[in-house]
1. Hey, could you check segment 179-220 for residues that are among the small types (Gly, Ala, Ser) and surrounded by fewer than 13 Cβ atoms within 10 Å (Cβ to Cβ) and say which is farthest from the chain's Cα centre (by Cα)?
2. Answer yes or no: is there a residue in segment 108-118 that is hydrophobic (A, V, I, L, M, F, W, C) and assigned by TED's automatic domain parsing to the domain that holds LYS179.
3. Among the residues of segment 29-62 satisfying the criterion of being of a type outside the set (A, V, I, L, M, F, W, C) and farther than 24 Å from GLY167 by Cβ, which is surrounded by the fewest Cβ atoms within 10 Å (Cβ to Cβ)?
4. Going by the structure shown, is PHE6 modelled with pLDDT under 90 and aromatic (Phe, Trp, Tyr)?
5. Take segment 43-67 and flag every residue that is among the small types (Gly, Ala, Ser) and touching a helix residue (DSSP H, G or I) at 6+ places or on another chain (Cβ under 6 Å).
6. Return only the number of the condition from (1) outside the structural domain of ALA46 (by TED's automatic domain parsing); (2) at pLDDT 90 or above; (3) not in a helix (DSSP H, G or I) that HIS242 does not satisfy.
7. Using beta carbons and a limit of 6 Å, which pairs, at least six apart or on different chains, have the first residue in segment 166-181 and closer than 20 Å to ILE98 by Cβ and modelled with pLDDT under 95 and the second one among the polar types (S, T, N, Q) and not in a strand (DSSP E or B)?
8. Taking segment 182-205 only, how many residues are among the hydrophobic types (A, V, I, L, M, F, W, C), out of contact with any Ser or Thr (no Cβ under 6 Å at 6 or more places or on another chain) and either without any contact (Cβ under 8 Å) to a residue 60 or more places away in the chain or farther than 23 Å from ILE54 by Cβ (or both)?
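The values are calculated or read from the model by the stated rules, or taken from the named source; none is laboratory data. Every value quoted in this text rests on a predicted model; they were computed, and no experiment measured them. FYI the Cβ positions are ideal-geometry reconstructions off the backbone, even for glycines, and counts take in every protein chain you see.
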Amino acid sequence: MHRHMFCAMLSVLLLMSSARAQDVLKLSGFEAPNLTPVAESILSQAYGELGIRIQTVITSPRRALLDSASGKTDGELVRIRTIEADHSSLLRVDVPIILARTFAYANKPQLRGKSFKQLRHLRVGHVAGARFAAELADGFAEVWTADTPEQLFEMLQRDRIDLVIAGESTGRRIIRDRKLVGVFPLRPSLQEVAFYHYLHEKHADLVPRIEAVLKRMLAVPVGEETDGVGETTPEKDGHVLHKTGLS
């Protein structure tokens, strides 16, 4: 009799433990200061409405994707739309939660109103390893890279370059913090990239539920940027300021 009662109590405890475990989702993520914290804030609030907590497992971008696609974690915190083409086990929650905008920043008044393509005779700079920015800079007379966007804006102020390719919030932050006068983004933006949340297929039943919450929360996706984080290419050398091309 006591043995049967012990087994019954153990089963109940195991069921309760399993239920609690399901109330926490472990999501793969990577270091991206303008992306990961924003996504965590949005998804924490959204899943909170469903009684679910999220925990972000930070690794490298490649390892994060392998873990989520294999089911080791419960999904991807945030990624660009194209990953499901190579990882069918990941289900996209079809609400863009972050919209990354990239601008060209200048400080010469005569460049206002000019299109980016009209400025290819000028000197342009971007953060080293940012693949998207490198593609945008291709074809300019001079292309320079730096380790940080702060270095690029310093070069702009010293008239060593004419344009800086940077994400919207990064440019806004540097202009504000450094009290840069006369620095402005050329409009329209050079690029807009939408980022989405993904769940592993084992949580397929959760996709429409969190999608409905996010649709209600985000009539317009949050505007942030990544400066190419997670979409990088290796550099040829270790120079802080490295000139990558002359045409």
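1. Step one: list which residues in segment 179-220 are among the small types (Gly, Ala, Ser), which gives 182, 189, 194, 204, 212, 219.
After this cut, where a residue has to be surrounded by fewer than 13 Cβ atoms within 10 Å (Cβ to Cβ) as well, the list is 182, 204, 219.
Details: GLY182: 28, ALA204: 23, ALA219: 19 Å.
Top of the filtered list is GLY182.
2. Yes, the conditions are met somewhere in segment 108-118.
3. The residue in question is GLY51.
4. Numbers: modelled with pLDDT under 90: yes; aromatic (Phe, Trp, Tyr): yes.
Answer is yes for this residue.
5. Quick first cut of segment 43-67, residues among the small types (Gly, Ala, Ser) only: 44, 46, 48, 51, 60, 64.
Correct list: ALA46 only.
6. Of (1) outside the structural domain of ALA46 (by TED's automatic domain parsing); (2) at pLDDT 90 or above; (3) not in a helix (DSSP H, G or I), only one is false for HIS242: (2).
7. Close Cβ pairs satisfying both conditions: SER169/ASN34.
8. Filtering segment 182-205 down to residues among the hydrophobic types (A, V, I, L, M, F, W, C) leaves 183-184, 186, 190, 193-195, 199, 204.
With the extra rule that they be out of contact with any Ser or Thr (no Cβ under 6 Å at 6 or more places or on another chain), the set shrinks to 183-184, 186, 193-195, 199, 204.
Going one step further and asking which of them are either without any contact (Cβ under 8 Å) to a residue 60 or more places away in the chain or farther than 23 Å from ILE54 by Cβ (or both), we end up with 183-184, 186.
Total satisfying the criteria: 3.
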